[in-house]
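Chemist: The following block contains the structure, expressed as structure tokens.
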Amino acid sequence: MERIIVITGGSRGIGAATARLAAAQGDAVVVSYLRQRAAAEALVRDITHAGGTALALAADVSIEADVERLFRDVDSAFGGLSALVNNAGMLEAQSRVEDMGAARLTRIFATNVIGSMLCAREAVRRMSRRHGGAGGAIVNLSSAASRLGSPDEYVDYAASKGAIDTFTIGLAKEVAADGIRVNAVRPGVIRTDIHAAGGEPDRVNRVKSSVPLQRGGEPEEVARAILWLLSDDASYTTGALLDVSGGR
Ligand code: NAP
């Protein structure tokens with residue numbers, strides 16, 4: 001049976017790679033985006049032309065009303081939900097903590113932490129057997145930064161991913177008996193646009209020698225881990241934090 005998977009921040013990077021792979025294996029995918037409508041719609045066109053099912057919806061995950069609308073639109077379009085990939089995430093210009101203001105910290109935590117928690121809430125309300133759902137799976141995008149701390153660059157971002165680790169562990173225990181598995185992947189340095197947002201587009205090449213595998217990762221390499229965690233092959237895995245970081 002076709003699964004229906006919501007992938008937040010699916011217009012680019014790891015989210016888009018996950019959407020392509022999921023659609024290729026027969027899942028219907030909903031990709032949400034913040035601003036890059038053209039990229040999201042191009043992805044949907046590619047998937048649809050290849051015979052898959054995809055829908056792009058705008059929603060800022062840091063805004064509760066947007067999140068609620070996103071999931072209501074998924075209800076209308078598909079009438080069900082099988083899985084959520086909490087992928088939407090952001091960082092800001094590289095900075096030391098002594099130079100970070102409350103506005104920046106609020107933006108980071110609103111998107112990376114509160115956004116993921118709100119989307120998980122909506123998914124649990126639909127998938128939980130406690131609420132008449134059929135069960136399901138959630139994968140949260142954490143980061144190796146939650147272990148490494150990202151000094152001189154993004155300690156705020158790293159701390160937000162630490163919150164995602166703890167959220168993953170707690171929610172996994174809370175909804176396990178309701179038929180929902182909750183896991184996280186912790187990517188290392190992956191070749192996407194996110195490094196440009198931090199002010200260093202070539203960051204992967206600078207840090208790759210500190211990675212035991214001696215290279216940055218590709219979005220598809222993270223997507224494959226996400227799809228494994230969503231699959232029945234991971235049926236006994238919940239509350240796991242899976243490093244996809246080349247050994248770093
Ligand atoms: P990316 O290429 O910068 O793409 C970010 C995606 O998130 C885009 O689709 C963007 O939408 C969306 N987004 C950002 N803020 C949003 C908001 N408030 N509401 C809704 N959507 C929002 O990022 P990426 O590198 O693929 O990262 C994906 C996830 O992996 C993130 O959670 C990130 O923290 C995590 N991660 C990445 C790396 C890495 O090295 N790349 C490492 C560890 C963890 P628009 O296209 O509309 O802007």
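The values are calculated or read from the model by the stated rules, or taken from the named source; none is laboratory data. Quick caveat, the model's predicted, so the values are computed rather than measured. Cβ atoms come from the backbone with ideal geometry, glycine included; neighbour counts cover every protein chain shown. Surface areas here come from the heavy atoms of the whole protein model, side chains and all, with no ligands, DNA or RNA. Shrake-Rupley method; radii C 1.70, N 1.55, O 1.52, S 1.80 Å.
Chemist: Can you give the alpha-carbon Rg of region 4-244 over 2.2 N^0.38 Å, where N counts its residues?
Modeler: This ratio for region 4-244 stands at 0.96.
Chemist: According to a simple spin-label model (label point 7 Å from Cα along Cα-to-Cβ), what is the distance in nm between ARG130 and ALA42?
Modeler: In this crude label model, ALA42 to ARG130 measures out at 4.3 nm.
Chemist: How many angstrom separate the Cα center of region 154-186 from the Cα center of region 16-32?
Modeler: 22 Å
Chemist: Report the residue, chosen from ILE164, ILE63, ILE226, that carries the largest GNM mean-square fluctuation when the chain is represented by alpha-carbon nodes joined by springs under 10 Å.
Modeler: Largest GNM mean-square fluctuation: ILE63.
Chemist: Grab the beta carbon distance between GLU92 and ARG248, set R0 = 25 Å, and tell me the FRET efficiency rounded to 0.05.
Modeler: Efficiency for this residue pair is about 0.65.
Chemist: Same structure, new question: If I take R0 = 30 Å and measure r between the Cβ atoms of ASP73 and ALA102 in this structure, what FRET efficiency does the formula 1/(1 + (r/R0)^6) give, to the nearest 0.05?
Modeler: 0.35
Chemist: Here's another thing I want to ask about it. To the nearest 20 Debye, how big is the dipole of the chain about its Cα centre, given +1 on the beta carbon of each Lys and Arg and -1 on that of each Asp and Glu?
Modeler: The calculated dipole for the chain is roughly 200 debye.
Chemist: Hey, another quick one. Taking the dipole about the Cα centre of region 4-244, with the C-beta of Lys and Arg at +1 and of Asp and Glu at -1, give me whichever of VAL182, ASN205, VAL85 is farthest to the positive side.
Modeler: About the Cα centre, the residue reaching furthest to the positive side is VAL182.
Chemist: For region 151-248, which whole percent of the accessible surface, found with a 1.4 angstrom probe, sits on carbon and sulfur atoms? Spell out each step's value before the answer.
Modeler: Numbers: 2390 of 4490 Å².
Answer for region 151-248 is 53 percent, counting heavy atoms of protein chains only.
Chemist: I would also like to ask the following. Before rounding to the nearest 500, sum -39500 (n - 2.57) across all DSSP H runs of length at least 4 in the chain and divide by the residue total; then give [θ] at 222 nm in deg cm²/dmol.
Modeler: -13000 deg cm²/dmol
Chemist: Mean-square fluctuation check for the chain, GNM, Cα pairs under 10 Å: which of VAL85, VAL74, VAL61 is largest?
Modeler: Comparing VAL85, VAL74, VAL61 in a Gaussian network model of the chain, the most mobile one is VAL74.
Chemist: Here's a follow-up. Using the beta-carbon distance between ASP193 and ASP152 and R0 = 30 Å, what value does 1/(1 + (r/R0)^6) give for FRET efficiency, to the nearest 0.05?
Modeler: 0.90
Chemist: Within region 36-135, report the trypsin sites (Lys or Arg not before Pro) that DSSP leaves as loop and that have at most 13 other Cβ atoms within 10 Å.
Modeler: ARG96
Chemist: Per residue, what accessible area does region 42-148 have, given a 1.4 Å probe and all protein chains present, in Å²?
Modeler: For region 42-148, the per-residue accessible area is 45 Å².
Chemist: Classify region 53-116 as rounded, prolate or oblate, taking a ≥ b ≥ c as the square roots of the eigenvalues of its Cα gyration tensor: rounded when a/c is under 1.5, otherwise prolate if a/b is larger than b/c and oblate if not.
Modeler: Since a/c reaches 1.5 and a/b is larger than b/c, the shape of region 53-116 is classed as prolate.
Chemist: Pull out the extension gain between ALA240 and GLU174, defined as 0.36 nm times the separation in residues minus the alpha carbon to alpha carbon distance; nm, one decimal.
Modeler: Contour length minus the Cα-Cα distance gives 22.4 nm.
Chemist: OK, next. Charges only on Cβ, +1 for Lys and Arg, -1 for Asp and Glu: so what's the dipole of region 106-147 about the Cα centre, in debye to the nearest 20?
Modeler: With Lys and Arg at +1 and Asp and Glu at -1, about 120 debye.
Chemist: What residue among THR238, TYR154, GLY216 has its Cα farthest toward the positive end of the dipole of the chain, where the charges are +1 on Lys, Arg and -1 on Asp, Glu, each on the Cβ?
Modeler: Farthest along the dipole direction, towards plus: THR238.
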